[in-house]
Amino acid sequence: MGGPESIPALEAAYSHEEARVKKEVMKSLVKIGTPRAAEFLIEKLREEDPSLMAQAIISLGMLKDPASIEPLAEIASKRENFSDLMEAQKESVKALGIIGDGRAVPHLAKILFRKVWFGKKANDELRLLAALSLGMIGTPEALAAVEEASSRAAGELQTACKRVLDGRERTT
C-alpha cells in the first residue's frame, strides 16, 4: 500500500462483504496516517459488527490522531453493560491512553471514579484500564487523578494506581 493516493482504493475495498478484508483496510489506513484516514476510521466506530468496531478503535489508537479523542471517549463513557459494548469500551479506554493526549484526562478520570450498582465487575475492569491509561498520558492532571483514586480505592484498583505512580517516580 502506498501513501495518501491509495486511500480511495482502500475506501472502495472496504465495501467488500468479508470482515477480514475490512479489518485489513483499517490496518492499512493506519500506515498511511492522514487526517482523511482518521476520518474514515472514526466513521467506522458506528459499525454493527463488534469486531469491526473494535478494529476501528484499535486503529485509531495506533494512529494517535487527537480528532479521535471525543468519539473514543463517548464510547468509553457509555453506561450500558452489554458484553459487546463492554469490549468496545475497554478498547476505547486503552486507545485513549495510547494516544496520550491530555484532552482525554477528564473523560478517563470520570471513568476512574465512576461507581455503579449493577455490572460492578465490568466497571471495575474499566476503572483499572482508566488508571493505566491515565498513567500512559502522564500529565500532572492525569497523575493527580490516579493519586486520588489510589487513596480512595481498594484491591486491584488500588494496586494498579500504586503501580502507575511507582512507575512514574522511577522514570522522573
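The values are calculated or read from the model by the stated rules, or taken from the named source; none is laboratory data. Note that the coordinates shown come from a computational prediction; the quantities given were computed from them, not determined experimentally. When we count neighbours, we look across all protein chains shown, and the Cβ atoms used for this are built from the backbone with ideal geometry, even at glycine.
Taking the criterion of being surrounded by 14 or more Cβ atoms within 10 Å (Cβ to Cβ), of a type in the set (S, T, N, Q) and over 15 Å from residue 108 (Cα atoms), the residues of region 52-87 that qualify are 55, 59, 81. For region 72-111, the set of residues classified as acidic (Asp, Glu) and under 8 Å from the mean Cα position of the chain (by Cα) consists of 91 only.
Against the conditions (1) in contact with a Gly (Cβ under 7 Å, 6 or more places away or on another chain); (2) closer than 30 Å to residue 32 by Cβ, residue 56 satisfies every one except (1).
Among residues that are within 13 Å of the chain's Cα centre (by Cα) and outside the structural domain of residue 129 (by the TED database), residue 15 is not included.
From the list 90, 115, which residue is outside the structural domain of residue 26 (by the TED database) and farther than 30 Å from residue 29 by Cα? Residue meeting the stated conditions: 115. A Cβ distance below 7 Å, combined with a sequence gap of six or more or placement on separate chains, defines the contacts here; from region 40-64, residues that are closer than 16 Å to residue 20 by Cβ reach residues that are not in a helix (DSSP H, G or I) in the pairs 53/47; 56/47.
Based on what the data block shows, is residue 162 without any contact (Cβ under 8 Å) to a residue 24 or more places away in the chain, more than 20 Å from residue 63 (Cα to Cα) and surrounded by 14 or more Cβ atoms within 10 Å (Cβ to Cβ)? When the stated conditions are applied, residue 162 passes them. Within region 141-150, one or more residues are more than 20 Å from residue 73 (Cβ to Cβ) and either surrounded by fewer than 20 Cβ atoms within 10 Å (Cβ to Cβ) or touching a residue at least 12 places away in the same chain (Cβ under 8 Å) (or both).
Residues in region 88-127 that are acidic (Asp, Glu) and either in a helix (DSSP H, G or I) or surrounded by fewer than 14 Cβ atoms within 10 Å (Cβ to Cβ) (or both): 91, 124, 125.
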